[in-house]
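Presented below is the structure to which this report refers.
The values are calculated or read from the model by the stated rules, or taken from the named source; none is laboratory data. Just so you know, these numbers come straight off a predicted model, no measurement behind them. Cβ placement follows ideal geometry from the backbone for every residue including glycine, while neighbour counts extend to all protein chains displayed.
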Amino acid sequence: MVNVRLNERLAPFLALPDHQGDTWRLTTYQGRKTFSRFIGRRDRTGLTALQRHLGHVHRAMTDRAYVGTDFELAELIDEQAADETRKALEDLLLAPWVAGKAGVMLSERSPFRGRTHSGEVDAYITEILAETDMRLGVCDWGYCLYRRETSACLGGEREPNPVLRTQSTCSTCANFAVTEKHRPVWEARLERNTALLQRDDLDVESSALAEARIQESRRILDQLNEGNADGTRS
C-alpha cells in the first residue's frame, strides 16, 4: 500500500526521469540510504523540524526510533556518521580560525591550519580516528569532540546528553569547537536575544537569560573574528 501511494502520488509530483527506458518505480527500500544520510549527518537542523512534526521529546528518539533491529540500516547510519566525522575533522584541521575550547586546542596542534585539502590531511585524520577512537557528538551549532570525562552536559559513555546539551552548555564545554560553518547560528542567536532585550514587557529573569546568551554568542563570534589568541581559554 505504501509503495502504491509512492508511485501514484509522490512519483508524478517529483517528475522522476525514466530509468533504462522505463518508468522509475519508487520503493520504501530505496529511501534507506537517504534516511541513513539524514540521521548520520552532524548538521541536525532538519532533524529538529522532523522531531517537532513527530512530537518526540528530544531528538535522540527521532535518531533511533525507526532503526530498531534493522542491523543493515544501523550499519548504513554508522557509515554515514563516520563519514561526517571525517568531514568535521577536516574542517577543524584546515580552518584558519576556530572557536570553542576543543577547537582552539585542536587548531593550535594542527599541522594543516589554513592549508587546502590534501592526501596528507586524509592520512592524518585516519591516524587520529585509529588512535583515539574519537566520537563526534551531534551538534547543530558546532562540533562536539566527545569525551565523557570533560562533558559539560554530563553525557553517557558514547555520546552527549541529548536533554542537557544546549548552546549555553556547549559554549563552556571542553569538548566544543566552532568553525565558520557555524557562524550563522551564533549570529542569529546574538541578533535574536539582542532584539529580545528591547522589549518593554520582559521580566528580570528573562532579561538576565537574554544577556547571558548575548555574552556567550559574542564570545564565540569574537574567537572566530580575532583568531585563537584571546583571553577566554582555560
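For (1) surrounded by 13 or more Cβ atoms within 10 Å (Cβ to Cβ); (2) without any contact (Cβ under 8 Å) to a residue 40 or more places away in the chain; (3) touching a helix residue (DSSP H, G or I) at 6+ places or on another chain (Cβ under 6 Å), each residue gets a yes or a no:
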site	(1), (2), (3)
Arg158	no, yes, no
Gln167	yes, no, no
Ser171	yes, no, yes
Glu187	yes, yes, no
Asn193	yes, yes, yes
If Leu209 satisfies every condition in (1) in contact (Cβ under 8 Å) with a residue 60 or more places away in the chain; (2) in a helix (DSSP H, G or I); (3) of a type in the set (A, V, I, L, M) but one, which is the exception? (1)
Specify the residue that is nearest to Ala95 (Cα to Cα); the eligible residues are those in the stretch 135-172 that are touching a Ser or Thr at 6+ places or on another chain (Cβ under 7 Å) and of a type in the set (A, V, I, L, M, F, W, C). Leu136
Qualifying residue in the stretch 146-166 (condition: under 24 Å from Asp222 (Cβ atoms) and in a helix (DSSP H, G or I)): yes
Condition first: at pLDDT below 85 and of a type in the set (Ser, Thr, Tyr). Now tell me which residues in the stretch 116-150 satisfy that. Thr116, Ser118, Tyr124, Thr126, Thr132
Let me confirm something: among Val204, Val185, which residue is within 19 Å of Leu145 (Cα to Cα) and hydrophobic (A, V, I, L, M, F, W, C)? Val185
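Residue-wise test of (1) modelled with pLDDT under 55; (2) surrounded by 10 or more Cβ atoms within 10 Å (Cβ to Cβ); (3) assigned to a helix (DSSP H, G or I).
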{"residue": "Leu6", "(1), (2), (3)": "no, yes, yes"}
{"residue": "Gly31", "(1), (2), (3)": "no, yes, yes"}
{"residue": "Leu47", "(1), (2), (3)": "yes, yes, yes"}
{"residue": "Gln51", "(1), (2), (3)": "yes, yes, yes"}
{"residue": "Asp78", "(1), (2), (3)": "no, yes, yes"}
{"residue": "Pro96", "(1), (2), (3)": "no, yes, no"}
{"residue": "Glu108", "(1), (2), (3)": "no, yes, yes"}
Among the numbered criteria (1) basic (Lys, Arg); (2) surrounded by 14 or more Cβ atoms within 10 Å (Cβ to Cβ); (3) part of a loop (DSSP other than H, G, I, E, B), which one does Arg219 miss? (3)
